[in-house]
Amino acid sequence: TRLSQTAFRNDRFTERLSVRSTTPLEAPESSPYRDSLPWADSQTDIAYQRDWKPAFGRTASGLEVSLTPHTGITYSTHSTSAEAGATLRIGQNIRELAQNGDTAFGDRPRWYVFAAGSKRAVGYNLTRGRDGDLDRAGISHDEGGTFGDASIGVAYRRGMIQSSIGIIYRENETK
């Protein structure tokens, strides 16, 4: 597989053009199935996308909100598609609004109700108080690997160890 990408940026938008070419694997000369391989087709994908600069705003509580419109078209050996949409991002600069969980709690155990995506989780913490009850410990953000594209759930964290249960959203594409 060969991939070529180029990008153009100015103060109003960013354009990206990518070309991906896949050459099939060849079977050995002695293979009885040499001419009937299902993956013997080469494929070329050409994709163009334009992202406009985001529009920023803040909620009354100081949470940053941005909206980024985009359009794109993809031509493939097997299909052609077009897309248009916008990305709504809530909580950019979350580091300023929520404490870092690793720094704030260290190895102290805590329950954590979270939403995660892009390898970052934001959640509400509950820790054990002096009387043994769960006390509210505020909002924090934690970095780490995510299994899916986005997830929500409940976790028990203690330092670098985490056990969680939740719902994971994952997009899969087959060709």
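Within region 71-105, the set of residues being exposed (fewer than 11 other Cβ atoms within 10 Å of the Cβ), over 22 Å from Ala150 (Cβ atoms) and modelled with pLDDT of 80 or more comprises Ser79, Thr80, Ser81, Ala82.
A single entry from Trp39, Trp111 fulfils the requirement of being open to solvent by 90 Å² or more (accessible area, probe 1.4 Å), touching a Leu at 6+ places or on another chain (Cβ under 8 Å) and at pLDDT below 85: Trp39. In region 99-117, the residues that are touching a residue at least 40 places away in the same chain (Cβ under 8 Å) and charged (D, E, K, R) form Cβ pairs under 8 Å with partners that are loosely packed, with under 15 Cβ neighbours inside 10 Å and part of a strand (DSSP E or B), at six or more places apart or across chains, as follows: Asp107/Arg158; Arg108/Arg158; Arg110/Tyr156; Arg110/Arg158.
Inside region 43-65, can you point out the residues that are at pLDDT below 90, open to solvent by 70 Å² or more (accessible area, probe 1.4 Å) and either of a type outside the set (Ser, Thr, Tyr) or more than 30 Å from Ile90 (Cβ to Cβ) (or both)? Answer for region 43-65, where residues must be at pLDDT below 90, open to solvent by 70 Å² or more (accessible area, probe 1.4 Å) and either of a type outside the set (Ser, Thr, Tyr) or more than 30 Å from Ile90 (Cβ to Cβ) (or both): Phe56, Arg58, Ala60. Taking first residues from region 1-17 that are farther than 15 Å from His70 by Cβ and partners that are part of a loop (DSSP other than H, G, I, E, B) and not aromatic (Phe, Trp, Tyr), the Cβ contacts under 9 Å between residues at least 6 apart in sequence or on separate chains come to Thr1/Thr23; Arg2/Thr23; Asp11/Lys53.
Search region 130-155 for residues being open to solvent by less than 20 Å² (accessible area, probe 1.4 Å) and farther than 15 Å from Gly166 by Cβ, and hand back the single one that is modelled with the highest pLDDT.
Ranking the candidates gives Ser140 first.
The values are calculated or read from the model by the stated rules, or taken from the named source; none is laboratory data. Computed from a predicted model, the values in this text were never measured in an experiment. For neighbour counting, all protein chains shown are included, and Cβ atoms are generated from backbone atoms with ideal geometry for every residue, glycine included. To get the accessible areas, we keep the full protein, side chains included, count just its heavy atoms, and leave off ligands, DNA and RNA. Shrake-Rupley method; radii C 1.70, N 1.55, O 1.52, S 1.80 Å.
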